[in-house]
Amino acid sequence: MKLFTTLGTAVLGLAMLAGGAAAEGQRDAKNISFSFEGPFGHFDKAQLQRGYKVYKQVCSNCHSMRFVAFRNLADPGGPGFTEEEVKALAATFQVQDGPGSDGQMFERPGLPSDHFPSPFPNEEAAKNANGGALPPDLSLITKARAGWYGTINQFLFGIGGPQYVYSVLTGYEDKPADVSIPEGKYYNPYFASGPAIGMPPHGTLADGAVEFDDGSPNTINDMARDVSAFLAWTAEPKMEERKSTGFAVMIYLAILAGLLYLVKKKIWSDVPH
């Protein structure tokens, strides 16, 4: 019993230490729910398509997504675009190619095999256009940013990356009098490196900024939720397949454990106690 008490104390101590890893004064991510949470959660295809539209019309002006290919938009478990739709979506981007017969690089409409291009030719150009701040690539942003700090929190609630993205997009506030913010920065208490953030309020999201074909609400909060879900998919495109495989493995292990128990009972049934 003493051993278990000691282990429990150690775990709680580690949780408190991990909790302190958050930036001083940073607020916990807002606790909002998504359809893909939990062992049986799944992506909402309509939400992923809306999230893609928010990324395309708003986020892609500054943020790259270089680890995602256009063809992935038609993959099982993803947004559910058809191959023809993917071709049309890819063609709305300009991709650098070459060199051509003249030895020069050139731009052409995107193809399904292309990866999402960066809006800037290099990092220095990106910094120069954003007041010295480098907009992060969004391919894996929900895995790179924790929403819940501390071992116990992450065990209970998951990493919380989508909640973190949502919180930053909807978390801009007026600067408190006792907080100093550099010129050209904005106050956001949810920002991991904050509270000063270079991205303008709501990442240029504004109510009604994006019109959805299905007539879904397009407030800042709704669009932030949709694009957070989409970025959760770009970071975990095989999530549904992984959960399905994990569930099958658990059933197999449960059956195997039952069979082993019966075998054990049979083998030892004639042994006197």
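The values are calculated or read from the model by the stated rules, or taken from the named source; none is laboratory data. This is a predicted model, so every value here is computed, not measured. Cβ placement follows ideal geometry from the backbone for every residue including glycine, while neighbour counts extend to all protein chains displayed.
If you go through the range 104-147 and keep only what is touching a strand residue (DSSP E or B) at 6+ places or on another chain (Cβ under 6 Å) and acidic (Asp, Glu), you end up with Glu107, Asp114.
Of everything in the range 234-273 that is over 30 Å from Gly78 (Cα atoms) and charged (D, E, K, R), the residue that is modelled with the lowest pLDDT is Asp270.
Checking each residue in the range 207-246 for being surrounded by 14 or more Cβ atoms within 10 Å (Cβ to Cβ), outside any helix (DSSP H, G or I) and free of Cβ contacts under 8 Å to residues at least 24 places away in the same chain picks out Asn218, Thr219. Considering the range 126-159, the residues that are at pLDDT 90 or above and surrounded by 16 or more Cβ atoms within 10 Å (Cβ to Cβ) include one that is farthest from Asn31 (Cα to Cα), namely Ala126. Please work out which residue is farthest from Leu138 (Cα to Cα), limiting yourself to the range 181-205 and to residues that are in contact with a Pro (Cβ under 8 Å, 6 or more places away or on another chain) and free of Cβ contacts under 8 Å to residues at least 40 places away in the same chain. Across the range 181-205, the extreme among qualifying residues is Ile181.
Yes/no matrix, rows are residues, columns are (1) closer than 30 Å to Gly132 by Cα; (2) of a type outside the set (Phe, Trp, Tyr); (3) touching a Phe, Trp or Tyr at 6+ places or on another chain (Cβ under 8 Å):
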| site | (1), (2), (3) |
| --- | --- |
| Ser60 | yes, yes, yes |
| Leu73 | no, yes, yes |
| Pro76 | no, yes, no |
| Thr82 | no, yes, no |
| Ser101 | no, yes, no |
| Glu107 | yes, yes, no |
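Restricting the search to the range 35-64, which residues are surrounded by fewer than 22 Cβ atoms within 10 Å (Cβ to Cβ), among the aliphatic types (A, V, I, L, M) and in contact with a helix residue (DSSP H, G or I) (Cβ under 7 Å, 6 or more places away or on another chain)? Within the range 35-64, just Val58 meets the criteria. Considering the range 114-150, the residues that are small (Gly, Ala, Ser) and in contact with a helix residue (DSSP H, G or I) (Cβ under 6 Å, 6 or more places away or on another chain) include one that is farthest from Ser60 (Cα to Cα), namely Gly150.
Being farther than 30 Å from Asp207 by Cβ, assigned by TED's automatic domain parsing to the domain that holds Pro195 and either within 18 Å of the chain's Cα centre (by Cα) or part of a helix (DSSP H, G or I) (or both) is a property that Ala125 has.
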